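Here, each number is a calculation from the coordinates, and none is a lab measurement. This structure is a prediction, so every number in the text was calculated from the model and none was measured. In this analysis, Cβ positions are derived from the backbone assuming ideal geometry, glycine residues included, and neighbour counts consider all displayed protein chains.
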Amino acid sequence: MESLIALASSLVSGAVIAVLASWLTNRARNRQDQQEEIGALRVQADAMTVAVAELQGAAAANRLLWEGPAERARSFLLATLAYFGGAARARIAGGTDLQSGLVGMGQAAELLSRDRRASRQNAAAVREPLTRVATAAATLMHSTDAAVAATTEQLLNACGDVENTERLEAAMEAFGQAVRAATAPRLSWWARRRAARASS
């Protein structure tokens, strides 16, 4: 009888140890998976932030180089000079006032056409950073964290109107807060319980 009790006792203690070991193994595996997921989310969020910064830089450069008042004044001045230069050459070659004016307008139109073509090519340079933003957003929009997915979508929409800097900055701030909340260390049940007791 004693041997049966000893056998039952060892079986029960073996089962308890096996269950405890299994629970600890699963818990460690879950914690490791969680840490890997947080690390991946941080990498993806960093890629998104860098892509948005590149987009903002490209848009600012485009604005500065091609759309500012100084650039428009430069274009107007060059077109005026081209007009008068073309008209003067036509006049020297023996053209009438009308012919001189037409040649001058042709010279100004050619210069403005080249300037517009260069402006469009520079604006196309914004396309590449916008593609990087969309690529970075693709994985984040499928995040298991609903706040990260929602703020990523808002940020992507704000990038479509990169000239609206206030909206873009607000979307970046919301995205950053969602990522910080999603990647913050998870407190254990005991730590949450102690924090709840301390706050009450």
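Details
- Each part gets one Cα centre, and for the range 7-59 versus the range 76-98 those centres are 74 Å apart.
- Rg then Dmax, both in Å and based on the Cα atoms of the range 75-170: 24.1, 77.
- Shown is the FRET efficiency for Arg116 and Glu153, computed with R0 = 35 Å from the Cβ-Cβ distance and rounded to the nearest 0.05: 0.50.
- Spin-label model distance (nm) - Gln177 vs Glu163, 7 Å beyond Cα toward Cβ: 2.8
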